1. What distance in nm lies between label points placed 7 Å from Cα along the C-beta direction at B:Lys34 and A:Asn157?
2. Can you work out the FRET efficiency for the pair B:Asp189 and A:Glu62, with r the C-beta to C-beta distance and R0 = 45 Å, to the nearest 0.05?
3. Mind jotting down the distance between the C-alpha centroids of the range B:171-192 and the range A:40-59, whole Å?
4. Can you bin every Cα-Cα distance in the protein assembly as shown into 20 Å intervals starting at zero and give me the percent of pairs per bin, rounded to whole numbers?
5. Label position 7 Å from Cα toward Cβ: report the copy-to-copy distances for A:His2 in nm, one decimal, ordered from shortest.
6. Evaluate E = 1/(1 + (r/R0)^6) for A:Ser165 and B:Ile214, where r is the Cβ-Cβ distance and R0 equals 51 Å; express this FRET efficiency to the nearest 0.05.
7. I need the inter-copy label distances for B:Lys34: point set 7 Å along Cα to C-beta, values in nm with one decimal, smallest first.
8. Between A:Asp52 and A:Met1, 0.36 nm times their residue separation minus their Cα-Cα distance comes to what?
Protein chains: 2
Amino acid sequence: MHVFVVGANGQIGRYLVKLLIDSNDHSVKAMVRKEEQASEFKEMGADTAVVDLEGDAGEIAESAKGCDAIVFTAGSGGKTGYDKTLLIDLDGAVKTMEAAEKAGVKRFVMVSALQANNRKNWNEAIKPYYVAKHYADIFLESTDLNYTIVRPGGLLNETGTGKVSVGDKLGRGSVPREDVAKVVVASLDEENTYKRAFDLVSGETPINKALKNI
Amino acid sequence: MHVFVVGANGQIGRYLVKLLIDSNDHSVKAMVRKEEQASEFKEMGADTAVVDLEGDAGEIAESAKGCDAIVFTAGSGGKTGYDKTLLIDLDGAVKTMEAAEKAGVKRFVMVSALQANNRKNWNEAIKPYYVAKHYADIFLESTDLNYTIVRPGGLLNETGTGKVSVGDKLGRGSVPREDVAKVVVASLDEENTYKRAFDLVSGETPINKALKNI
């Protein structure tokens, strides 16, 4: 698959781009905001697109045309205000879905957050963030896209183990960003993850096996 | 109709409560956050409920039980941050919809904002606010509730004229808050507004006539 990555310059996005470049089955088109980011990804061997996620859905669609899948792993992050949470994590995500539909890219993988689907478990300190993720996920489920929603627990920077636990109600937990990226890549053509959402934390099961047994 | 007003203490909400108290056809239950607000509304002759919109949807449902309609006119306002926009204007609105469904209250009137349905026309200065209103409206349209979405233009504090213009693509315009409240009340049992969204600005047509000819 030729995979369009929205949020390629993010922490999970960077792992994802590397994995896709190194993959025998896939290739990558990295969507980034700035030319200098694009140069860096080009040097790594990625196809790139310079598009502002706060801009028009039509531009995203134009760039994604011809790709086989879109991964949304953009996030406004903890350093900006909740204005950006609304504009990026919610509206940016939905614009990407609209772009996928417009460009005829059916496969869509969303990097969400553990508990985004359970309002009563939202962490009080970052509750507005969960609101944005929650409604982006709900919108995705209402589309005709062939989606997968991955809900990772607390994100760690340590090296991935390649072993995870996936399921419906995993409660709390954490997982290295590298393993999140690996799960996204493994999900791309794993039919068992189509039209499905699942929790993801570190565990004992190799990723491919875990996805076959969700 | 016995009308449950969420956001009764807001600027439109206060007009709405007064109109419903004075009405021959309707009565009101004002949902407010604080006991002292409830006392004030009680003195005016309203039934009241003290419920936090940031709390549980179950509590809202419990308070709305037995009412015939719910009006959502709560808004976090310009003085708080976009965290509250996410928690009140979006998640608070959707929790109220969930509460309506839970309480079996089928009729639901949403006070939205002009252009909330047109991303390309969102005012750059308060774009994140439109994101929240947009997705709350979309969610409402996806429910089985008998909804009306009123999208007023710029809100004015001057006295209402009772004359408006309603329609699908009114562009820019403004309207006194008092007239917005009057349109909401007139919509309650006007079948022409059921399962429908419309723009509202000041105009030349008496409200009841305008609603019959949307």
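The values are calculated or read from the model by the stated rules, or taken from the named source; none is laboratory data. This structure is a prediction, so every number in the text was calculated from the model and none was measured. Please note: Cβ atoms are built from the backbone with ideal geometry, for glycine as well, and neighbour counts cover all protein chains shown. The area values use the complete protein model at the heavy-atom level, side chains included, leaving out ligands, DNA and RNA. Shrake-Rupley method; radii C 1.70, N 1.55, O 1.52, S 1.80 Å.
1. 4.4
2. Values: r = 47 Å, r/R0 = 1.05.
Between B:Asp189 and A:Glu62 the formula returns 0.45.
3. One Cα centre to the other: 44 Å.
4. Per 20 Å bin, starting at 0, the Cα pair percentages come out as 26, 50, 22, 2.
5. Copy-to-copy label distances for A:His2: 6.3 nm.
6. Rounded to the nearest 0.05, the efficiency is 0.45.
7. 4.5
8. Values: separation 51, 0.36 × 51 = 18.36 nm, distance 2.36 nm.
Length gained between A:Asp52 and A:Met1: 16.0 nm.
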